[in-house]
Amino acid sequence: MERIGVGVVGAGSIGIRAALAHLSLDDVQDRVHLAAVCDAVPGRAAAAADRFSVDSGYDSLDELLADPKVDLVTLGTPIGLHFEQGIAAIRAGKHVHFNKTMSVTAAEATQLIDEAKAHGVKINASPGQMVQPQNQAIRKLIQNGDLGKLAWAVVGAGFGNYHENEGVRGGNDLLSNVNPSWYWKKPGGGPLYDMTVYGLHTLTGILGPAKRVTAMSGISIPTREFRGEPFQTEADDNSFLLLDFGDSVFAFVYGAAHGRVEPGWGQPNFYGSRGTLEGTKLNGEPLQFPGHDDGLAAYSRGRHIHGAHLAMEETHVYEDIMQLIDLVQTGTPLYGTAEHARHVIEIFESGYRAAETGQAQTLTTTFEAVD
C-alpha cells in the first residue's frame with residue numbers, strides 16, 4: 001500500500017490537536033506521512049513542522065498545493081475559508097478532508113462535490129458521527145420500532161467559553177497563542193456551524209434527511225473578549241431550529257450561547273410512544289449489546305482510535321481523516337459523506353433564512369443514510 005502524503009492546512013487548534021498530533025504517531029507511518037503544513041501567520045507553519053517532524057512548512061496554501069509530496073489535504077482553517085481553499089485543493093488534484101463545515105451554503109457544497117468528481121479526487125467532511133457504532137445501533141433500534149411511533153427528538157450545543165479555554169490559547173509561543181475570535185465572525189461563525197453540527201449529523205444520520213425547518217436566531221452576547229482584548233460578535237450566537245422529518249416527527253435543534261439539554265455530547269434524545277432514548281440510555285437503562293459486557297464503552301469509537309490515540313484530543317477528527325485515507329487506499333466506503341454534510345449545511349442556511357423571514361423553509365438536498 002502506497003503511503004499518502006498529507007498536507008495540513010492551518011496550524012491552529014484543530015490542525016495541531018486533530019491532524020499533526022495524531023498523524024505524527026508511529027502507528028500510522030506505514031500508511032501516511034506528514035508531507036507539509038501551512039499557516040498564514042508568519043513562522044507558525046515552520047514551528048509546527050519542527051515540532052511534529054513535518055517535511056515542509058509553508059506560509060501559503062499555494063506553496064503547499066504545489067508540493068508534489070502532498071496527495072491529500074485536511075483543512076483546519078476557519079469555516080468561511082473552506083470553500084475557496086477546497087476548490088483550490090481539488091483543482092490541484094488533491095484529495096480533501098474538510099473539517100466542519102465544508103462550506104457555509106448548500107450551493108458551495110454542491111460545487112465542491114461536482115468539482116471533486118470532475119477532477120477525480122475524493123472528499124469527505126467532518127463530523128462523521130455515524131462511524132460511531134452506537135449511532136448505527138440507535139438507528140437500527142428506532143427503525144425496529146423499539147421506541148414505538150417516534151414523536152420528537154432534541155439535540156444541540158452551547159458555545160459557552162469552550163474555545164477560549166482550549167490548550168492552544170493561553171501560551172506565549174506561535175503554537176499556543178492562537179486567537180479564537182473568528183468563531184464569532186461571519187461567514188461560518190456561531191455555534192450552529194461549529195458545535196451543533198455534531199448533534200445534527202447524528203440526528204440526520206439516525207433519522208435520515210429532514211424536510212422543512214423553521215427557526216429563531218439572534219446575538220445574545222454582543223461583545224466578547226480574548227486575553228483582555230474586546231471584539232464584536234458578528235455571527236448569531238443563540239439559534240433555535242425546529243425540523244420536520246415527515247409523518248409528524250419533529251426535532252428541536254439548538255446552538256445556544258450557553259447550556260445544553262441532552263446529557264451526552266452530540267447524542268440526541270428521542271421520544272416515542274413506547275419509550276425514550278436519552279443519550280445512550282433506553283428508558284433509563286444503559287444500552288447493552290450482545291458480546292459486550294461494558295455496554296457502549298466498546299462501541300463509542302471509530303475503528304482507528306486505539307493505543308496512544310485514546311488519550312488524545314480530537315480523536316473523532318483524526319478518525320474522519322483516516323476514513324478518507326481508507327477510501328483512497330482501499331476503496332472502503334465513507335460514513336462522513338460530502339452529501340450528508342451538504343444536507344446539514346442546508347439546514348443551517350435555511351434555518352437562518354427562516355429566522356430572518358419568519359417563514360418555514362423547504363429543504364431540497366438529500367443523502368443516503370448509512371445502514
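The values are calculated or read from the model by the stated rules, or taken from the named source; none is laboratory data. Here the structure is a predicted model, which means the values were calculated and not measured. Neighbour counts are summed over all protein chains in view; Cβ atoms, including those assigned to glycine, are modelled from backbone coordinates with ideal geometry.
Just a yes or no: is a residue in the range 150-167 outside any strand (DSSP E or B) and either over 28 Å from Pro222 (Cβ atoms) or of a type in the set (A, V, I, L, M) (or both)?
So the first thing to find is which residues in the range 150-167 are outside any strand (DSSP E or B), and the list is 159-167.
From what is left, the residues that are either over 28 Å from Pro222 (Cβ atoms) or of a type in the set (A, V, I, L, M) (or both) are none.
Checked the range 150-167: no residue is outside any strand (DSSP E or B) and either over 28 Å from Pro222 (Cβ atoms) or of a type in the set (A, V, I, L, M) (or both).
When residues in the range 109-150 are screened for being within 15 Å of His343 (Cα to Cα) and touching a residue at least 60 places away in the same chain (Cβ under 8 Å), 11 of them pass.
Can you tell me which residues in the range 33-43 are in contact with a Leu (Cβ under 6 Å, 6 or more places away or on another chain) and closer than 19 Å to Leu75 by Cβ? Spell out how you get there, then give the answer.
First, the residues of the range 33-43 that are in contact with a Leu (Cβ under 6 Å, 6 or more places away or on another chain): 34, 36, 38, 43.
Once the filter is applied, which keeps residues that are in contact with a Leu (Cβ under 6 Å, 6 or more places away or on another chain) and closer than 19 Å to Leu75 by Cβ, the range 33-43 yields Leu34, Ala36, Cys38.
A residue that is farther than 25 Å from Arg353 by Cβ, part of a helix (DSSP H, G or I) and out of contact with any helix residue (DSSP H, G or I) (no Cβ under 7 Å at 6 or more places or on another chain) can be found somewhere in the range 112-119. Scan the range 37-71 for residues that are under 22 Å from the mean Cα position of the chain (by Cα) and crowded, with 24+ Cβ neighbours inside 10 Å and the total you get is 3.
Report yes if some residue within the range 280-288 is basic (Lys, Arg) and either part of a loop (DSSP other than H, G, I, E, B) or in contact with a Phe, Trp or Tyr (Cβ under 9 Å, 6 or more places away or on another chain) (or both); otherwise report no.
Here is the first cut: in the range 280-288, the residues basic (Lys, Arg) are 281.
Keeping just the survivors that are either part of a loop (DSSP other than H, G, I, E, B) or in contact with a Phe, Trp or Tyr (Cβ under 9 Å, 6 or more places away or on another chain) (or both) gives none.
For the range 280-288, residues basic (Lys, Arg) and either part of a loop (DSSP other than H, G, I, E, B) or in contact with a Phe, Trp or Tyr (Cβ under 9 Å, 6 or more places away or on another chain) (or both): absent.
Can we say Gly167 is in the same structural domain as Gly284 (by TED's automatic domain parsing), modelled with pLDDT under 95 and in contact with a His (Cβ under 8 Å, 6 or more places away or on another chain)?
Working: in the same structural domain as Gly284 (by TED's automatic domain parsing): yes; modelled with pLDDT under 95: yes; in contact with a His (Cβ under 8 Å, 6 or more places away or on another chain): no.
Judged against the criteria, Gly167 is not a match.
Does Lys117 fit the bill of being assigned by TED's automatic domain parsing to the domain that holds Gly15 and either surrounded by fewer than 22 Cβ atoms within 10 Å (Cβ to Cβ) or of a type outside the set (Asp, Glu) (or both)? First the steps, then the outcome.
Numbers: assigned by TED's automatic domain parsing to the domain that holds Gly15: yes; either surrounded by fewer than 22 Cβ atoms within 10 Å (Cβ to Cβ) or of a type outside the set (Asp, Glu) (or both): yes.
Against the criterion (assigned by TED's automatic domain parsing to the domain that holds Gly15 and either surrounded by fewer than 22 Cβ atoms within 10 Å (Cβ to Cβ) or of a type outside the set (Asp, Glu) (or both)), Lys117 qualifies.
Tell me the residue from Gly189, Gly167 that is within 27 Å of Ala21 (Cβ to Cβ), buried (at least 17 other Cβ atoms within 10 Å of the Cβ) and under 20 Å from the mean Cα position of the chain (by Cα), please.
Numbers: Gly167 fails: buried (at least 17 other Cβ atoms within 10 Å of the Cβ).
Answer to the selection: Gly189.
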